[in-house]
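The values are calculated or read from the model by the stated rules, or taken from the named source; none is laboratory data. All of these numbers come straight from a predicted model, not from anything done at the bench. Cβ placement follows ideal geometry from the backbone for every residue including glycine, while neighbour counts extend to all protein chains displayed.
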Amino acid sequence: MAWLLLAASLVLPLAACEWDPAAGPDVPLPTVLAVPTEAATATAPAPPSPSPAIPTFRPTVVATSTATSTATHTVTVTPSATPEPTPTPRPTAVFSAERAMEHVMALAHEIGPRVAGEEGAELAAEYIADQFDSYGYEVHQQLFEYTKFVDHGSKVELLPGGASLDGIPMEYSPAGEVEGRLIRAGIGRPEDIPDGGFEGGIALIRRGGGIRFRDKALAAAEAGAGAVMIYNDRPGPLRGSLGELVPVPVLGLDGRTGQHLVEQASRGPVLVRVTVGAEIVQRVTTNVIAERPGLGARMLLIGAHYDSVKKSPGGNDNATGTAVLLELARVLSTYVLPEDLTIYFVAFGAEEDGLHGSRHFVERLDAQQRQSFVAMLNYDMLGVGDVLGVGGSTELTDLAIWLAQQQGWTAQPLGVEIEHRSDHAPFAAAGIRALVFHAPNDTHYHKETDTPDRIQAGHLARFARLGLAVIQQLVAE
Ligand SMILES: [Zn+2]
């Protein structure tokens, strides 16, 4: 049932987001800027004009769920002593680590693995949408489709009847079973291709030389190879992507396997059978978007991916980030924020398959919208290990480290290894300031053992509190 609802809202979100900020509130607002109905009814009766749902900014003390005193903040904020112009002012909510852990349990324990395009992810999207809805937000489903590469099992056999060796198909390799003579082709440069071509044989090429896997594969296929094996230039398995479909099966080999085959081929003809059990499938999944509409041009986005890898319950990765996202949405729904500011809370789909959700979101922003972003904050893997890190744009990383210090703890700067590995990356690439919160040391990452019992709720509270401090700083700019 949820899926039908999702399909119905396919046309909704940001493509429709072409408003004229100068036009003022009398112009009918497009869907993404519409005032949430719950918020509108909650502010009855007879709210003062012109903007009942979005009153003026009231600085608020950053909520904390730990015992750390707010006195450690040097971001000077004053709780408002004067009553709001709204008839029914609400008390400001406080981040609750207990509530966050309830979300973690719901996602990682009750639902379990949340592979994009499969039932777990659908249930999770439904759960997240329900939570956003209960906080009074306008909720959108942003459906998208992408191509996924699935390996059902691949190998190399030495013929006749010889040993079976492991190989990992390169992403976008077609499936197939090819038998032929092994032909060495160096690192796949034009001068490494044998004069008579491969004549249906199987090309064995070493990684390296600054030549892309795709170019090595295409050159060999063009010269008549029936399949291509690319072996690592060091010990260890080789995983890689061809970017898009190529004409012949391509397998990545461990460096040792490759060396072994090279030695055999140097002693005489070697016959092999290459089997690639790959499949390219179309997947449909969704970003779940809660919006707090503003009247002006400034936009802020807080995001976290809710999908997991196959078989993993995705407790730390990334029920923790999703839980903090939900809690921040709840807490911020009670804040009074600047009138011009629109906040998006986005639970991204299909991160694990290649940041598809965040890419899709960014692709649908026009140039003006991209420039309107104050920042994008991304929460990914928060609850395990003793290092709590921040990364992304240097400016925001420095700010976050400083604010953590003010809160009495140390946030470590994350290096370039996080740069392309989570949903902040497409935003950064589009010129949007982005910050990622991430605890890097989790040995159960992507395993069946990524279960909620290993998560430290205090980490979630710290990252959430830091995010709130960053937001407060940014929106005051
Ligand atoms: Zn993740």
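Are any residues in the range 414-428 surrounded by 14 or more Cβ atoms within 10 Å (Cβ to Cβ) and away from the ligand (no atom under 13 Å from the Cβ), and if so, which ones?
Leu414, Glu419, Pro426, Phe427, Ala428
For the range 204-224, what are the residues that are closer than 22 Å to Pro269 by Cβ and touching a helix residue (DSSP H, G or I) at 6+ places or on another chain (Cβ under 8 Å)?
Answer for the range 204-224, where residues must be closer than 22 Å to Pro269 by Cβ and touching a helix residue (DSSP H, G or I) at 6+ places or on another chain (Cβ under 8 Å): Leu204, Ile205, Arg206.
Please report, ordered by residue number, the strands (runs of 3 or more DSSP E) entirely within the range 126-210 with at least 2 residues that are more than 19 Å from Asp254 (Cα to Cα) and not polar (S, T, N, Q).
Per the criteria, 138-159, 176-184.
With respect to Ala297, is the statement that it is more than 30 Å from Tyr135 (Cβ to Cβ) and surrounded by 15 or more Cβ atoms within 10 Å (Cβ to Cβ) true?
no
Output the qualifying pairs, or none if there are none: Cβ atoms under 6 angstrom, residues six or more apart or on different chains, first residue in the range 420-437 and of a type in the set (Ser, Thr, Tyr), second residue within 14 Å of the ligand (Cβ to nearest atom).
Taking only residues 6 or more apart or on different chains, the pairs are Ser422/Asn378; Ser422/Asp380; Ser422/Val436.
Looking at this structure, is Asn287 surrounded by 19 or more Cβ atoms within 10 Å (Cβ to Cβ) and within 16 Å of the ligand (Cβ to nearest atom)?
Answer is yes for this residue.
Quick check: anything in the range 352-359 hydroxyl-bearing (Ser, Thr, Tyr) and surrounded by 24 or more Cβ atoms within 10 Å (Cβ to Cβ)?
Checked against the condition, which is being hydroxyl-bearing (Ser, Thr, Tyr) and surrounded by 24 or more Cβ atoms within 10 Å (Cβ to Cβ), the range 352-359 yields at least one hit.
Among the acidic types (Asp, Glu), under 23 Å from Glu179 (Cβ atoms) and out of contact with any Cys (no Cβ under 8 Å at 6 or more places or on another chain): is that true of Glu244 in this structure?
Answer is no for this residue.
Sort out which residues of the range 407-436 are outside any loop (DSSP other than H, G, I, E, B) and farther than 20 Å from Leu460 by Cα, and write them in order of number.
If the condition is that a residue be outside any loop (DSSP other than H, G, I, E, B) and farther than 20 Å from Leu460 by Cα, then Val416, Glu417, Ala425, Pro426, Phe427, Ala428, Ala429 are the ones that fit.
Based on this model, can you work out whether Arg273 counts as modelled with pLDDT of 95 or more, part of a helix (DSSP H, G or I) and out of contact with any His (no Cβ under 8 Å at 6 or more places or on another chain)?
no
Condition first: out of contact with any helix residue (DSSP H, G or I) (no Cβ under 7 Å at 6 or more places or on another chain) and either part of a loop (DSSP other than H, G, I, E, B) or within 16 Å of the ligand (Cβ to nearest atom) (or both). Now tell me which residues in the range 337-360 satisfy that.
Scanning the range 337-360 gives Glu339, Asp340, Glu352, Asp353, Gly354, His356, Gly357.
Name the pairs whose Cβ atoms lie under 6 Å apart, with the first residue in the range 211-226 and touching a residue at least 24 places away in the same chain (Cβ under 8 Å) and on the phi > 0 side of the Ramachandran plot, the second surrounded by fewer than 17 Cβ atoms within 10 Å (Cβ to Cβ) and of a type outside the set (D, E, K, R), and 6 or more positions between them or separate chains?
Gly224/Gly197
Answer yes or no: is there a residue in the range 363-377 that is exposed (fewer than 14 other Cβ atoms within 10 Å of the Cβ), over 25 Å from Gln142 (Cβ atoms) and modelled with pLDDT under 95.
So far as the range 363-377 goes, no, none of its residues is exposed (fewer than 14 other Cβ atoms within 10 Å of the Cβ), over 25 Å from Gln142 (Cβ atoms) and modelled with pLDDT under 95.
Please work out if Val387 is surrounded by fewer than 22 Cβ atoms within 10 Å (Cβ to Cβ), part of a loop (DSSP other than H, G, I, E, B) and among the hydrophobic types (A, V, I, L, M, F, W, C).
Yes.
Tally time: how many residues in the range 388-399 are more than 16 Å from the ligand (Cβ to nearest atom) and free of Cβ contacts under 8 Å to residues at least 60 places away in the same chain?
The number of residues fulfilling the criteria is 5.
Among Ala375, Ala404, which is within 14 Å of Arg462 (Cβ to Cβ), touching a residue at least 24 places away in the same chain (Cβ under 8 Å) and more than 16 Å from the ligand (Cβ to nearest atom)?
None of the other options fit; the residue is Ala404.
So, in the range 302-336, of the ones that are farther than 16 Å from Val139 by Cα and among the acidic types (Asp, Glu), which residue ends up farthest from the ligand (Cβ to nearest atom)?
Per the stated criteria, the residue is Asp307.
So, Ile280, is that one of a type in the set (A, V, I, L, M), more than 23 Å from Ile455 (Cβ to Cβ) and either away from the ligand (no atom under 16 Å from the Cβ) or assigned by TED's automatic domain parsing to the domain that holds Gly112 (or both) or not?
Answer is yes for this residue.
Lys447 passes all but one of (1) of a type in the set (D, E, K, R); (2) more than 25 Å from Val346 (Cβ to Cβ); (3) within 16 Å of the ligand (Cβ to nearest atom); (4) assigned to a helix (DSSP H, G or I); which number fails?
Lys447 satisfies every listed condition except (4).
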